[in-house]
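Have a look at the structure below, then the notes.
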Amino acid sequence: MGFNVGTIAVRGKLTEEVHAALRLSTTERHQQEPEAAVVAAALPSGWYLVYINDRDYPTNDELRELSVNAELIFLDVCETVMVSGAACWKDSKQVWSITHDSQRGLEDLVVQGNTPNCFEQISQRLKMLQNEKGDADYIFDIPVDVTCELTGFRYDGNPNGYPVDEFVVLERIHPTRKWWQFL
């Protein structure tokens with residue numbers, strides 16, 4: 001089946017501001033593995049991470065708004081169809097994005113903007129593996145490894161597990177509707 005998740009790493013905002021922007025509330029529940037629909041943790045690298053298992057990701061407009069006076073890195077991973085993408089937003093502007101969709105071919109890689117310094121080395125290493133071995137989709141890991149290099153977090157915990165002892169379980173806050181809105 002594989003992972004089908006998104007992560008949002010934010011730096012420069014208070015936890016409460018991140019939760020409010022994403023319409024999330026904290027619960028008293030904790031998990032060692034990110035298995036609930038939405039969990040979060042403060043990473044040792046200084047980023048605050050929101051891990052989303054339910055594919056109800058924020059829109060680009062919401063990411064833009066969350067990045068005001070902050071920096072965020074969004075990772076989208078769908079192992080079932082081997083699609084991965086990462087994007088960085090800073091001060092309400094998208095700085096870069098890296099996307100791989102194996103349905104367009106194993107070599108597919110769309111890069112926009114001013115990528116971080118680690119991108120070139122990671123990209124070269126994984127493209128070389130793809131050419132030499134060809135036994136797996138190594139290009140899929142380019143957005144994943146760039147995100148991991150920058151935030152210190154890999155969505156699947158490989159190879160050394162997650163860098164936090166536990167995640168706090170979050171719940172979505174659904175807007176309250178008035179009775180006449182259901183008519």
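The values are calculated or read from the model by the stated rules, or taken from the named source; none is laboratory data. For clarity, every value in this text was computed on a predicted model and none was experimentally measured. FYI the Cβ positions are ideal-geometry reconstructions off the backbone, even for glycines, and counts take in every protein chain you see.
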Every listed condition ((1) within 29 Å of Ala37 (Cβ to Cβ); (2) free of Cβ contacts under 8 Å to residues at least 24 places away in the same chain) holds for Leu72 save (2)
Within segment 1-10, residues being part of a strand (DSSP E or B), surrounded by fewer than 20 Cβ atoms within 10 Å (Cβ to Cβ) and not polar (S, T, N, Q) number 1
Test: Glu17 is at pLDDT 95 or above, surrounded by 13 or more Cβ atoms within 10 Å (Cβ to Cβ) and in contact with a Lys or Arg (Cβ under 7 Å, 6 or more places away or on another chain):
no
Exception for Cys78 within (1) surrounded by 14 or more Cβ atoms within 10 Å (Cβ to Cβ); (2) over 14 Å from the mean Cα position of the chain (by Cα); (3) over 16 Å from Phe167 (Cα atoms); (4) not acidic (Asp, Glu) falls at (2)
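Here's a check for you: in segment 30-57, which residue that is among the polar types (S, T, N, Q) and more than 13 Å from Pro163 (Cβ to Cβ) is farthest from the chain's Cα centre (by Cα)?
Gln31
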Those residues of segment 11-26 that are in a strand (DSSP E or B) and without any contact (Cβ under 8 Å) to a residue 12 or more places away in the chain come to a total of 0
Report task. State whether one or more residues within segment 115-130 are more than 24 Å from Val68 (Cα to Cα), in a loop (DSSP other than H, G, I, E, B) and under 17 Å from the mean Cα position of the chain (by Cα). Result -> no
Per the filter on segment 96-114, residues part of a strand (DSSP E or B), out of contact with any Gly (no Cβ under 6 Å at 6 or more places or on another chain) and of a type in the set (A, V, I, L, M, F, W, C) are Ile98, Val110, Val111
What do you reckon, is Ser67 touching a residue at least 24 places away in the same chain (Cβ under 8 Å) and small (Gly, Ala, Ser)? yes
Considering segment 130-157, residues that are surrounded by fewer than 15 Cβ atoms within 10 Å (Cβ to Cβ) and not charged (D, E, K, R), and then whichever is nearest to Thr7 (Cα to Cα), we arrive at Gly157
When Ala36 is run through (1) within 25 Å of Asp141 (Cβ to Cβ); (2) touching a residue at least 60 places away in the same chain (Cβ under 8 Å), the failure sits at (1)
Would you confirm whether any residue within segment 42-63 is touching a His at 6+ places or on another chain (Cβ under 9 Å) and at positive phi?
no
